[in-house]
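Right, one structure below, let's go through it.
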Amino acid sequence: MATSGQPTLSVVIPIYNEEQCIDMLYERLTAALADVEGGYEIVFANDGSHDRSEEMLRELISRDERLSLVNLSRNFGHQPAISAGLAQAAGRCVVIMDGDLQDPPEVIPELLAKWREGNMVVLAHRRSRREGVVRAWLYRMFYALLGSVSDYPIPLDAGVFGLIDRRVADQLRNLTEHNRFLPGLRAWVGFSQAVVPYDRDERAAGRPKQSLIRLTRYALDAVFSFSYKPLRLSLAVGLAISIPCLAYATILVVKRILGVDVVKGFTTPTVAILFLGGVQLISIGILGEYIGRVYDEVKARPLYIISEVFRKSNATDAAEGDG
Ligand code: UDP
Ligand code: MG
């Protein structure tokens, strides 16, 4: 934290096994932030890394008092790590960015300039992205799907990278839901928004820490926590099938009573049973997605558990606290 009271800016960075990126990240960040009026702090949220990340961050903290480190008790995931960092951030505004340099630190002064113009939320909008073909394609599909199902507009192609005012950060902290999709929550809290376009880089080093399975879960969180449309879809499909079926059944019964044209068929019932069975399973699956999320919320476990907080000024804070 800055020595004299509240810094202007806090930068929150989730870190999971980023030993290859940390030094480069620190250099580029401090160079980009050198001129920030009113000072800044950088809060690293170490999400249970098991490489040298923690050691390297501690070493940086011993040299630079603007840095702090929140250690989580295990790997909780990208979104909980961001929440943990956000809870420690004291700045008048907060920038959230990934630790792999896909979000270029050089964009932060532009975000700050927009904030100084009075915008409460400044989204960094991906003008382009350089990523593997499969990932890039999946992202595109995801944003297209999200755009079509979301119950209210979520800016497309804006990930977690961006700036929020203190007041927005406080509101986000009050949202305690477990299945977090930050771009959606940030849109939900509202406030005046501005956009700064940027080119998303490739990861500076190392492999992506979010597996495709995790990203898929994240995408499902986005869809299911911001839309009831999948539920309505299963209702609509159910109705679209059962109404004609009912009509068809009526015709069959009438024919049977009148004794006309009775066919001892096999195909029709088989097809109908398989098709309806499939539709029912899909509908139950969709219900399950919502019920599982309700279960998560009802358990009301903290989003993350902090094991330690490090700062140069006080070396170690109490190993307590959670989200
Ligand atoms: N990350 C994290 N916890 C995890 C996975 C990732 O804190 O369980 C961090 C990671 O260190 C990086 C950021 O979240 O700083 C984004 O991760 P990654 O680059 O792997 O995700 P992608 O760019 O593929 O979305
Ligand atoms: Mg990345």
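The values are calculated or read from the model by the stated rules, or taken from the named source; none is laboratory data. Computed from a predicted structure; not experimentally measured. Neighbour counts are summed over all protein chains in view; Cβ atoms, including those assigned to glycine, are modelled from backbone coordinates with ideal geometry.
Can you say whether residue 315 is at pLDDT 85 or above, more than 22 Å from the chain's Cα centre (by Cα) and more than 30 Å from residue 183 (Cβ to Cβ), as far as the supplied structure shows?
Here the answer is no, as residue 315 does not meet what is asked.
For residues that are closer than 19 Å to residue 39 by Cβ and assigned to a helix (DSSP H, G or I), scanning just segment 83-105, find the one that is farthest from ligand 2 (Cβ to nearest atom).
88
Go over the candidates 197, 208, 230 one by one and state the one that is away from ligand 1 (no atom under 16 Å from the Cβ) and either touching a Pro at 6+ places or on another chain (Cβ under 6 Å) or under 23 Å from residue 124 (Cβ atoms) (or both).
Testing whether each residue is away from ligand 1 (no atom under 16 Å from the Cβ) and either touching a Pro at 6+ places or on another chain (Cβ under 6 Å) or under 23 Å from residue 124 (Cβ atoms) (or both) leaves just 197.
Does residue 49 count as of a type in the set (S, T, N, Q), crowded, with 16+ Cβ neighbours inside 10 Å and over 30 Å from residue 216 (Cα atoms)?
no
Tally time: how many residues in segment 63-84 are among the acidic types (Asp, Glu) and crowded, with 24+ Cβ neighbours inside 10 Å?
0
Residue pairs, Cβ under 7 Å, 6 or more apart or interchain, first in segment 183-203 and over 20 Å from residue 142 (Cα atoms) and in a loop (DSSP other than H, G, I, E, B), second of a type in the set (Val, Ile, Thr) and within 16 Å of ligand 2 (Cβ to nearest atom). List them.
Correct list of pairs: empty, since none qualify.
What residue, among those in segment 294-312 that are at pLDDT 85 or above and among the hydrophobic types (A, V, I, L, M, F, W, C), is farthest from the chain's Cα centre (by Cα)?
Ranking the qualifying residues of segment 294-312, first place goes to 310.
Taking the stated definitions as given, is residue 26 buried (at least 18 other Cβ atoms within 10 Å of the Cβ) and out of contact with any Gly (no Cβ under 9 Å at 6 or more places or on another chain)?
So residue 26 fits the description; yes.
Looking only at segment 194-234, filter to residues that are hydrophobic (A, V, I, L, M, F, W, C) and surrounded by fewer than 13 Cβ atoms within 10 Å (Cβ to Cβ); which one of those is nearest to ligand 2 (Cβ to nearest atom)?
Taking the candidates together, the pick is 212.
Outside any loop (DSSP other than H, G, I, E, B), within 37 Å of the chain's Cα centre (by Cα) and over 21 Å from residue 179 (Cα atoms): which single residue out of 282, 251, 291 fits that description?
The conditions single out 282.
Looking at segment 123-133, is at least one residue among the hydrophobic types (A, V, I, L, M, F, W, C) and buried (at least 16 other Cβ atoms within 10 Å of the Cβ)?
The answer is yes; a qualifying residue exists.
State all residues of segment 43-69 that are touching an Asp or Glu at 6+ places or on another chain (Cβ under 8 Å) and either in a strand (DSSP E or B) or of a type in the set (Ser, Thr, Tyr) (or both); if no residue qualifies, say none.
Selection gives 46, 49, 53, 67, 68, 69.
Residues are listed down the side, and each one gets a yes or a no for (1) β-branched (Val, Ile, Thr); (2) touching a residue at least 24 places away in the same chain (Cβ under 8 Å); (3) within 21 Å of residue 178 (Cα to Cα):
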site	(1), (2), (3)
47	no, yes, yes
82	yes, yes, yes
89	no, yes, yes
92	no, yes, no
97	no, yes, yes
111	no, yes, no
117	no, yes, no
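Checking the condition within 17 Å of residue 166 (Cβ to Cβ), of a type in the set (A, V, I, L, M, F, W, C) and within 13 Å of ligand 1 (Cβ to nearest atom), which residue from 11, 36 passes?
Unique residue meeting the criteria: 11.
Tell me, which residue of segment 70-82 that is within 9 Å of ligand 1 (Cβ to nearest atom) and not in a strand (DSSP E or B) is nearest to residue 36 (Cα to Cα)?
Once the filter is applied, the top-ranked residue is 82.
For every residue, the table says whether it meets (1) within 16 Å of ligand 2 (Cβ to nearest atom); (2) at negative phi; (3) not β-branched (Val, Ile, Thr).
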residue: 12; (1), (2), (3): yes, yes, no
residue: 16; (1), (2), (3): yes, yes, yes
residue: 20; (1), (2), (3): yes, yes, yes
residue: 35; (1), (2), (3): no, yes, yes
residue: 40; (1), (2), (3): no, yes, yes
residue: 45; (1), (2), (3): yes, yes, yes
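Mind counting the residues in segment 143-166 that are loosely packed, with under 14 Cβ neighbours inside 10 Å and either closer than 20 Å to residue 192 by Cα or hydroxyl-bearing (Ser, Thr, Tyr) (or both)?
Matching residues across segment 143-166 total 4.
Considering each residue of segment 135-158, count those that are closer than 20 Å to residue 211 by Cβ and free of Cβ contacts under 8 Å to residues at least 60 places away in the same chain, and give that number.
6
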